[in-house]
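The block underneath contains the structure these notes are about, expressed in structure tokens.
The values are calculated or read from the model by the stated rules, or taken from the named source; none is laboratory data. Computed from a predicted model, the values in this text were never measured in an experiment. So basically every Cβ, Gly included, is an ideal-geometry build from the backbone, and we count neighbours across all protein chains shown.
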Amino acid sequence: MTTTRMNELGFYTLAGAPDSPRDLIDEVHRGEALGLGSVFISERFNIKEACTLSGAVGAVSTELGIATAATNHTTRHPIVTAAYATTMHRLTGGRFALGFGRGIGPLFDAYGIPKVTTAQLEDLAGLLRRLFHGQVEFGYDGPLGSYPVLALDTSFDEDIPLLLTAFGPNTLRLAGRAFDAVVLHTFFTDETTARCVETVRRAAEEAGRDPASVRVWSVFATVGDHLPEELRLRKTVGRMATYLQGYGDLLVETNRWDPEVLTRFRADPMVASFPGAIDQSATPEQLEHLATLLPADWLAPAATGSPDRCVDAVLGQFELGVDGVILHGATPAELAPIVEAYVPRRPAGRFEHLAANPGQATATTS
């Protein structure tokens with residue numbers, strides 16, 4: 001364990017398909033003890049509802065930054081979302097960042113949830129900031145809908161960072177001009193990651209903002225060889241297969257991969273008939289079969305192998321221009337050997353400026 005708080009590193013709680021949301025209690029305690037800087041909360045419509053998990057993390061932690069990465073604004077009334085953020089902000093003493101994403105189109109269609117648009121997200125960022133600072137919105141009629149009155153408390157004067165998970169260039173540019181932080185995606189190639197960072201920074205500059213004020217997080221699959229082989233397959237092959245199920249076209253386009261590989265993957269009888277998310281319920285035999293469908297270079301953007309080799313890969317992410325790395329797909333207990341190997345190799349003086357809040361680029365001084 002380390003007493004150093006490494007604000008450049010984060011992890012996802014309840015990665016994948018947990019048995020119980022209570023697992024996060026031990027994960028948060030272990031992550032804080034390891035010195036990890038932030039915990040990120042992803043949302044699935046099962047036992048991973050973001051508001052509930054956020055409150056639990058806030059209650060059982062004292063130093064970790066906390067962020068949703070991500071929830072979807074179309075699933076809640078804007079005042080409910082704003083009240084959630086201000087509650088978390090005060091509950092955690094300013095450690096919380098509210099993060100949004102576009103969601104999975106086919107799932108939203110199936111559930112009848114409205115699709116998320118760029119115009120909505122941009123208007124949402126401005127609206128939330130006004131509400132956080134006590135303003136009252138009368139007669140709102142815009143991309144988010146129509147509301148007679150939107151207000152929290154006129155005494156509020158809260159600076160709550162807003163974060164955006166981003167894939168394509170439009171969302172990346174939006175993050176640069178209107179949000180405080182951006183979370184990229186797992187299995188981005190080095191070229192893609194560097195290109196995404198440049199897109200965010202350039203958009204911020206064009207909007208008259210300091211490009212360094214937008215914190216960029218890489219989401220980096222971190223699956224060391226100290227884990228059992230079946231578990232490694234589930235966290236790499238299974239996770240990639242699930243992404244390809246949900247938004248394969250976007251991932252392939254973003255990474256500039258061969259779309260014919262995706263076509264063959266989708267045409268495979270096992271894939272075409274699989275019920276639900278592959279990473280949650282695929283058998284070892286099915287995972288082994290899926291591995292034959294995926295090119296090695298599609299799975300290569302990850303930290304794998306020995307702890308030292310994983311650290312090499314994590315440090316390489318910083319050279320691409322990101323401010324932080326989310327060690328994705330593993331619990332703090334599973335990450336422990338890698339984090340312990342990272343501590344003595346952590347670049348001295350490089351990350352001390354980072355805020356504990358994952359949506360804030362620079363720590364404030366008082």
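I'd like the residue in region 86-115 that is under 17 Å from the mean Cα position of the chain (by Cα) and not charged (D, E, K, R) and, out of all such residues, is surrounded by the most Cβ atoms within 10 Å (Cβ to Cβ).
Step by step, filter region 86-115, then rank; the result is 98.
Would you kindly identify the helices (runs of 4 or more DSSP H) lying entirely within region 276-349 that contain at least 2 residues that are in contact (Cβ under 8 Å) with a residue 24 or more places away in the chain and of a type in the set (S, T, N, Q)?
The helices (runs of 4 or more DSSP H) meeting that bar are 278-281.
Looking only at region 57-73, filter to residues that are more than 18 Å from the chain's Cα centre (by Cα) and either of a type outside the set (S, T, N, Q) or not in a loop (DSSP other than H, G, I, E, B) (or both); which one of those is surrounded by the fewest Cβ atoms within 10 Å (Cβ to Cβ)?
Taking the candidates together, the pick is 59.
Which residues, counting only those in region 6-29, are of a type outside the set (A, V, I, L, M), touching a strand residue (DSSP E or B) at 6+ places or on another chain (Cβ under 9 Å), modelled with pLDDT of 95 or more and not in a strand (DSSP E or B)?
Result: 13, 21, 27.
Scan region 312-332 and tell me whether some residue there is among the charged types (D, E, K, R) and not assigned by TED's automatic domain parsing to the domain that holds residue 214.
There is no residue in region 312-332 that is among the charged types (D, E, K, R) and not assigned by TED's automatic domain parsing to the domain that holds residue 214.
Six or more apart or on different chains, Cβ under 9 Å: which pairs go from a residue in region 101-130 that's free of Cβ contacts under 8 Å to residues at least 40 places away in the same chain and in the same structural domain as residue 154 (by TED's automatic domain parsing) to one that's assigned to a helix (DSSP H, G or I) and surrounded by 14 or more Cβ atoms within 10 Å (Cβ to Cβ)? Could you list them?
Close Cβ pairs satisfying both conditions: 103/74; 103/75; 108/74.
Can you find a residue in region 355-362 that is at pLDDT below 95, assigned to a loop (DSSP other than H, G, I, E, B) and either surrounded by fewer than 18 Cβ atoms within 10 Å (Cβ to Cβ) or β-branched (Val, Ile, Thr) (or both)?
no
Quick one: would you say residue 276 is surrounded by fewer than 16 Cβ atoms within 10 Å (Cβ to Cβ), out of contact with any His (no Cβ under 7 Å at 6 or more places or on another chain) and within 15 Å of residue 240 (Cα to Cα)?
Yes: the conditions hold for residue 276.
Looking at (1) buried (at least 20 other Cβ atoms within 10 Å of the Cβ); (2) in contact (Cβ under 8 Å) with a residue 60 or more places away in the chain; (3) in contact with a helix residue (DSSP H, G or I) (Cβ under 7 Å, 6 or more places away or on another chain); (4) not polar (S, T, N, Q), which is the only condition residue 235 fails?
(3) is the only condition that residue 235 fails.
Can you give me the number of residues within region 171-210 that are crowded, with 20+ Cβ neighbours inside 10 Å and over 19 Å from the mean Cα position of the chain (by Cα)?
Number satisfying all stated conditions: 2.
Do we find a residue being in contact with a strand residue (DSSP E or B) (Cβ under 7 Å, 6 or more places away or on another chain) and within 17 Å of residue 181 (Cα to Cα) anywhere in region 76-84?
no
Answer yes if at least one residue in region 244-265 is over 25 Å from residue 191 (Cβ atoms) and buried (at least 16 other Cβ atoms within 10 Å of the Cβ), and no otherwise.
no
Mind checking which residues of region 35-56 are free of Cβ contacts under 8 Å to residues at least 24 places away in the same chain and either in contact with a strand residue (DSSP E or B) (Cβ under 7 Å, 6 or more places away or on another chain) or assigned to a strand (DSSP E or B) (or both)?
Selection gives 44, 50.
Being assigned to a loop (DSSP other than H, G, I, E, B), touching a residue at least 12 places away in the same chain (Cβ under 8 Å), over 30 Å from residue 362 (Cα atoms) and in contact with a Phe, Trp or Tyr (Cβ under 6 Å, 6 or more places away or on another chain) is the requirement here; does residue 251 meet it?
Against the criterion (assigned to a loop (DSSP other than H, G, I, E, B), touching a residue at least 12 places away in the same chain (Cβ under 8 Å), over 30 Å from residue 362 (Cα atoms) and in contact with a Phe, Trp or Tyr (Cβ under 6 Å, 6 or more places away or on another chain)), residue 251 does not qualify.
Which number in (1) under 15 Å from the mean Cα position of the chain (by Cα); (2) surrounded by 23 or more Cβ atoms within 10 Å (Cβ to Cβ) marks the one condition that residue 31 misses?
All conditions are met except number (1).
Just checking, which of 227, 163 is of a type in the set (A, V, I, L, M), touching a residue at least 60 places away in the same chain (Cβ under 8 Å) and under 17 Å from residue 122 (Cα atoms)?
163
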